[in-house]
1. Here are some conditions: (1) more than 15 Å from the chain's Cα centre (by Cα); (2) within 24 Å of residue 95 (Cα to Cα); (3) modelled with pLDDT of 60 or more; (4) not in a helix (DSSP H, G or I). Residue 137 meets all but one. Which one does it not meet?
2. Check the stretch 63-86 and report whether any residue there is over 28 Å from residue 160 (Cβ atoms), modelled with pLDDT of 95 or more and surrounded by 13 or more Cβ atoms within 10 Å (Cβ to Cβ).
3. Hey, among the residues in the stretch 105-131 that are at pLDDT 95 or above, touching a helix residue (DSSP H, G or I) at 6+ places or on another chain (Cβ under 6 Å) and assigned to a helix (DSSP H, G or I), which one's surrounded by the most Cβ atoms within 10 Å (Cβ to Cβ)?
4. How many residues does the stretch 28-55 hold that are out of contact with any helix residue (DSSP H, G or I) (no Cβ under 8 Å at 6 or more places or on another chain), in a loop (DSSP other than H, G, I, E, B) and within 19 Å of residue 105 (Cβ to Cβ)?
5. Run down 48, 60, 42 and say which single residue is surrounded by fewer than 18 Cβ atoms within 10 Å (Cβ to Cβ) and under 16 Å from residue 101 (Cβ atoms).
6. Exactly one condition in (1) in a helix (DSSP H, G or I); (2) touching a residue at least 40 places away in the same chain (Cβ under 8 Å) is false for residue 58; which is it?
7. Can you pull out every residue in the stretch 212-221 that is surrounded by 16 or more Cβ atoms within 10 Å (Cβ to Cβ) and either more than 15 Å from the chain's Cα centre (by Cα) or closer than 18 Å to residue 6 by Cβ (or both)?
8. With respect to residue 172, is the statement that it is closer than 22 Å to residue 93 by Cα, buried (at least 16 other Cβ atoms within 10 Å of the Cβ), touching a strand residue (DSSP E or B) at 6+ places or on another chain (Cβ under 6 Å) and at pLDDT 95 or above true?
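The values are calculated or read from the model by the stated rules, or taken from the named source; none is laboratory data. This structure is a prediction, so every number in the text was calculated from the model and none was measured. Note: ideal-geometry Cβ built from the backbone for every residue, glycine included; neighbour counts use all protein chains shown.
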């Protein structure tokens with residue numbers, strides 16, 4: 001299976017690439033990136049690194065290189081504070097870019113998968129997306145963009161049900177298992193399979209994204225409680 005991964009220099013995207021490399025069912029990983037990746041990733045025989053600067057536009061030459069892909073793992077994003085509370089930047093990164101990609105891939109890649117399988121778009125959202133929608137009802141609040149992105153992706157999928165699927169993963173706060181000091185200090189609520197429901201290992205997020213890319217999921221939205229057990 002050929003899989004596209006974006007956001008490969010971030011925590012979740014980096015782990016998604018690694019799990020694609022490790023999974024024998026993934027035969028090719030197209031890393032679509034603006035920044036350089038590690039030498040290990042770039043030199044791996046399963047990986048094709050494609051440098052691309054404008055994730056709102058996909059020229060025909062690029063789409064030809066992406067043809068045959070059956071899934072895209074979209075891990076470009078960031079919290080509002082990471083995006084410097086810049087409303088325009090938040091809107092672009094969180095909302096406009098994933099919608100532009102999903103529409104383009106639905107139109108140009110979904111009908112060209114091997115054996116006519118559906119193209120899967122895996123969107124890394126946030127556990128707090130639904131809470132954000134209720135807490136910040138104002139349309140121009142940048143914290144609403146993630147819920148708007150989820151809604152837009154569902155609309156793209158509904159418009160092309162025969163060829164395109166969208167899955168929205170809602171992980172909790174990330175921590176890196178080999179860097180204990182990076183684990184958030186917020187109180188935990190309960191444990192699911194030994195994991196707190198208020199945090200999730202970035203490696204587990206990557207593993208879950210690849211699992212859904214390969215096999216889909218019973219529901220369009222995959223909550224954190226399921227992600228930690230995949």
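1. Among (1) more than 15 Å from the chain's Cα centre (by Cα); (2) within 24 Å of residue 95 (Cα to Cα); (3) modelled with pLDDT of 60 or more; (4) not in a helix (DSSP H, G or I), residue 137 violates only (3).
2. No; the residues of the stretch 63-86 include none that is over 28 Å from residue 160 (Cβ atoms), modelled with pLDDT of 95 or more and surrounded by 13 or more Cβ atoms within 10 Å (Cβ to Cβ).
3. The selected residue is 106.
4. Within the stretch 28-55, residues that are out of contact with any helix residue (DSSP H, G or I) (no Cβ under 8 Å at 6 or more places or on another chain), in a loop (DSSP other than H, G, I, E, B) and within 19 Å of residue 105 (Cβ to Cβ) number 3.
5. So the residue among 48, 60, 42 that is surrounded by fewer than 18 Cβ atoms within 10 Å (Cβ to Cβ) and under 16 Å from residue 101 (Cβ atoms) is 60.
6. Residue 58 satisfies every listed condition except (1).
7. 212, 213, 214
8. no
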